[in-house]
Each structure stands twice: as structure tokens, then as C-alpha cells.
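Trainee: If you scroll down you'll find the structure; I have some questions about it.
Please treat every number below as a calculation from the coordinates, not as lab data. A quick note: this is a predicted structure, and the numbers were derived from the prediction, not measured. Neighbour counts run over all protein chains shown; Cβ positions are idealised from the backbone, glycine included.
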Amino acid sequence: MSGMYYVRMLSRPVNLFKLQQMENSSDMEADILKQEFGTTGNTLSFWKCDNLDSVIDAVKAIILSTTAIKPSQFVIVEESVATRYGFSMDDKNPGVTGYNGFESLHVDMINLTYGKIGTLMQMLKEVASDENYSPKYERNNVKELIKEVIDAGCLNKETTPDALLKDIYKYFPETKQ
């Protein structure tokens, strides 16, 4: 299967289970809206990849846009599924990430409404039960991915959030130079 894939990190890994167990989006806990679907300008940030083999670059870009080295839960949506659900994507705004050279992987889901957020939750419920589309990385895996970025010479300290840099320096003090 070909086409684009869209990747998003959940702010709380436990919310994947809540999405899986959800009967209907109208029954979802209200706090999850703020935790996972807080929009800016009626958009929600995703990162894209061309295939599941290259999803790791999107994952690294996301990790290097966060504030801590911690367990990280992701959801992956196929472009065809997003289109079927009526979502529009816009890739004109590059992402802010410490993964140098991968800013263009950022994409926004645009023109969101409360109704579309409910539809988004239903769509994510569809993908949440498939481990291929809902990978989780434990803290050690996240550290390994960051180390790969460092070793490849792709860590951009200027665009890495300060709180994450503090963690990186703690685990990889040689990067402080």
C-alpha cells in the first residue's frame, strides 16, 4: 500500500487505551480533549512519512520537539484513512524540531471543529488497536533514538527545546560542547 502516513505523539500513553475502549467519541473523557487534541488556529500538528519503513524519522522529529526524554506513545494514520474521514492536511508550515533537516516532515490537520475532533477520535480508535499503527517507545528506546540523531550529526541545539536539551546533556554529556 502506498501513500503518505501521518504520525502524532499522544501526550499521555494511557490515552491510547482510553481511545481503544471508547464506544463513541461523545463518551470520551473531557480532559482527553485538552491533553491530546488541543488545537491552535483550528489546527493539530502531525508529522508525515512516505511509508511505515521511514516512520522512524517522523518519530525522531517529534521526540526532538518535546520537553523530556520519556516513554512516548504514537499513533499513525494512513493518508487514505484521513481522506476517508474528510480531513485536510497542510504542509506549508515547517516543524520546530531539534532533528536538523527534517522540519519539512511537519504537517497540520486544518479547519478543525468540535465535530471533526470527535471524528478524529473515532479515526484514532480505528488505528489504536493495531500495534503497527500505535508504536510505543520506552524511555530507553527514546534515548537510543536521540543518540542516533546525535551520532548522525543531526542534533540542532538551537531548535531543540531547552528542557529536552537539559535531559540530553544529562544522558549524553559529550553533546554539551
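Trainee: Inside the stretch 152-164, can you point out the residues that are within 13 Å of Tyr99 (Cβ to Cβ) and either assigned to a helix (DSSP H, G or I) or acidic (Asp, Glu) (or both)?
Mentor: Result: Glu158, Leu164.
Trainee: Looking only at residues in the stretch 134-146 that are touching a strand residue (DSSP E or B) at 6+ places or on another chain (Cβ under 7 Å) and part of a loop (DSSP other than H, G, I, E, B), which one is surrounded by the most Cβ atoms within 10 Å (Cβ to Cβ)?
Mentor: The residue in question is Ser134.
Trainee: If I ask for residues that are out of contact with any strand residue (DSSP E or B) (no Cβ under 7 Å at 6 or more places or on another chain) and either more than 14 Å from His106 (Cβ to Cβ) or without any contact (Cβ under 8 Å) to a residue 12 or more places away in the chain (or both), which ones from the stretch 52-70 would you list?
Mentor: The answer is Asp53, Ser54, Ile56, Thr67, Ala68, Ile69, Lys70.
Trainee: A further question follows. Going through the stretch 117-160 one residue at a time, which ones are under 14 Å from the mean Cα position of the chain (by Cα) and either over 19 Å from Leu10 (Cβ atoms) or polar (S, T, N, Q) (or both)?
Mentor: If the condition is that a residue be under 14 Å from the mean Cα position of the chain (by Cα) and either over 19 Å from Leu10 (Cβ atoms) or polar (S, T, N, Q) (or both), then Ser134 is the only one that fits.
Trainee: Quick check, is Ser80 out of contact with any Gly (no Cβ under 8 Å at 6 or more places or on another chain) and not aromatic (Phe, Trp, Tyr)?
Mentor: Answer is no for this residue.
Trainee: Going through Val149, Val107 one at a time, which residue ends up being assigned to a helix (DSSP H, G or I), of a type in the set (Val, Ile, Thr) and either farther than 21 Å from Gly86 by Cα or touching a residue at least 24 places away in the same chain (Cβ under 8 Å) (or both)?
Mentor: Of the residues listed, the single one that is assigned to a helix (DSSP H, G or I), of a type in the set (Val, Ile, Thr) and either farther than 21 Å from Gly86 by Cα or touching a residue at least 24 places away in the same chain (Cβ under 8 Å) (or both) is Val149.
Trainee: I would also like to ask the following. Just name the residue that is nearest to Pro161 (Cα to Cα) out of those in the stretch 78-101 that are in contact with a Cys (Cβ under 9 Å, 6 or more places away or on another chain) and crowded, with 21+ Cβ neighbours inside 10 Å.
Mentor: Filtering the stretch 78-101 for residues that are in contact with a Cys (Cβ under 9 Å, 6 or more places away or on another chain) and crowded, with 21+ Cβ neighbours inside 10 Å, the one nearest to Pro161 (Cα to Cα) comes out as Gly98.
Trainee: Go through the stretch 1-37 residue by residue and tally those that are within 20 Å of the chain's Cα centre (by Cα), farther than 19 Å from Ala82 by Cβ and in a loop (DSSP other than H, G, I, E, B).
Mentor: Here the count works out to 3.
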